[in-house]
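Okay, structure first, notes after.
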Amino acid sequence: EFVEISTVDFPSAGALLLCSDGLSDLITSTQMLSIVEQHAGDPQGTVQNLIDAANQAGGKDNITVVFIEGDRFAGAVRRRASGTRKVLPEFRRDPSTNLLGNRVLFLLIGIALGCAIAIYGLKPHWRLTPEGEKLGFGVVPEPRHWRINADISAALQNARPGDTIVVAPGQYHEQIILKDGVNLVSEQPREAVIRASGIAVQANDIRSGRFEGFRITGEDQNNLAVGIQLNDSNLEVVDNEITNATSAAIEVLGESSGVFRANAVYANAGAGIIVRDAAKPRFVHNTVSGNGEGGKRSGIEIHGAAQPVLVGNMIWNNAGDPIWAPPQLRLETILRQNFISLPGKPAAPPRPRPPDRTRTPNR
């Protein structure tokens with residue numbers, strides 16, 4: 001129901017091809033690559049020839065092609081096609097060469113090759129240790145994906161980076177400490193309910209991972225302080241529901257970043273969301289409503305040097321201000337990019353940007 005925007009590094013010697021199945025169902029990836037390389041340096045020609053190839057193969061469906069190439073892509077293709085490589089000088093046996101010296105040389109070369117093969121077989125990889133990240137050897141563990149219906153904390157302790165834990169519907173009376181690189185996902189959206197006191201879900205020094213689809217509430221009224229807390233962490237928090245928190249439904253501290261998307265934050269006595277310190281998270285298409293009745297708290301509070309990005313959120317009917325921010329932040333820009341209402345009033349759509357008068361309209 002919304003557009004996701006992601007930023008990725010694009011190599012200058014690379015290319016990107018996006019297409020509909022009108023192309024991919026009719027010509028193979030090998031044929032696509034051949035056409036792309038034949039027309040390197042001419043993106044428009046590449047697109048046209050891909051469409052022509054699909055039409056010649058039957059053209060049974062709509063054909064959509066988007067092609068982007070880096071500024072060094074054409075040169076890289078030409079170098080690869082020319083097969084440019086260094087040629088080693090021809091080896092000639094010199095009768096004056098000492099035979100024993102040659103044997104020692106070949107022995108050393110054999111030992112080096114043997115070590116290289118052994119290292120390759122051991123699969124060197126970076127691994128996380130209590131002292132930090134170190135180069136290790138051995139079989140690289142494959143990411144695991146399994147389902148649990150009890151004791152989320154125990155499953156997290158046994159998980160490895162890259163694993164995904166799927167939690168069955170039910171009530172889980174425990175505090176959750178997330179683990180770096182591990183995805184924790186509710187099998188049915190918001191049907192796995194975490195009931196806890198204090199801080200329900202914590203992420204400390206997490207560099208990657210996903211927390212998705214849970215409902216978070218207190219064991220009893222007024223005993224849940226914070227629903228989800230990120231401290232110096234980068235995490236993806238998606239489609240969760242947080243209610244009954246007395247301090248904040250979501251709290252982001254330290255130098256945290258991460259993305260909060262499509263979460264429902266409502267009926268919390270404390271603030272809906274608090275962002276502190278030097279945190280720079282993104283909040284996209286969340287609902288923040290009916291919060292702050294415990295002390296006229298705001299829907300979203302921004303403190304210190306925090307610089308969150310807020311886009312497309314619905315912030316309405318909170319006891320205090322929709323957004324409280326220090327003077328140095330451009331609150332007007334934030335308000336324009338979100339759906340805002342004052343207490344008791346319906347949310348209004350973002351105000352449109354003024355027209356760009358520097359451009360001449362087409363006639």
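The values are calculated or read from the model by the stated rules, or taken from the named source; none is laboratory data. Everything numeric in this text was worked out from a predicted model, so none of it was measured. Because the Cβ atoms are built from the backbone with ideal geometry, glycine has one as well, and the counts that use them run over all protein chains shown. Note: areas computed on protein heavy atoms with side chains; ligands, DNA, RNA excluded. Shrake-Rupley method; radii C 1.70, N 1.55, O 1.52, S 1.80 Å.
In whole percent, and with a 1.4 Å probe on the protein chains, what portion of the accessible area of segment 19-65 is carbon and sulfur? For segment 19-65, the apolar C and S fraction of the accessible surface comes to 43 percent. Oblate is the label for segment 1-81, because the ratio a/c of its alpha-carbon gyration tensor axes (a ≥ b ≥ c) is 1.5 or higher and a/b is not greater than b/c. With +1 on each Lys and Arg Cβ and -1 on each Asp and Glu Cβ, and nothing else charged, work out how big the dipole of segment 1-88 is about its Cα centre, in Debye to the nearest 20. Here segment 1-88 has a charge dipole of around 780 debye. Rounded to the nearest 20 debye, the dipole size of segment 175-262 about its Cα centre is 80 debye, using +1 on the Cβ of Lys and Arg and -1 on the Cβ of Asp and Glu. Other residues lying with their Cβ under 12 Å from the Cβ of residue 159 contribute a combined charge of +1, Lys and Arg counting +1, Asp and Glu -1. Working from label points 7 Å from Cα in the Cα-to-Cβ sense, the residue 187 to residue 277 distance is 3.6 nm.
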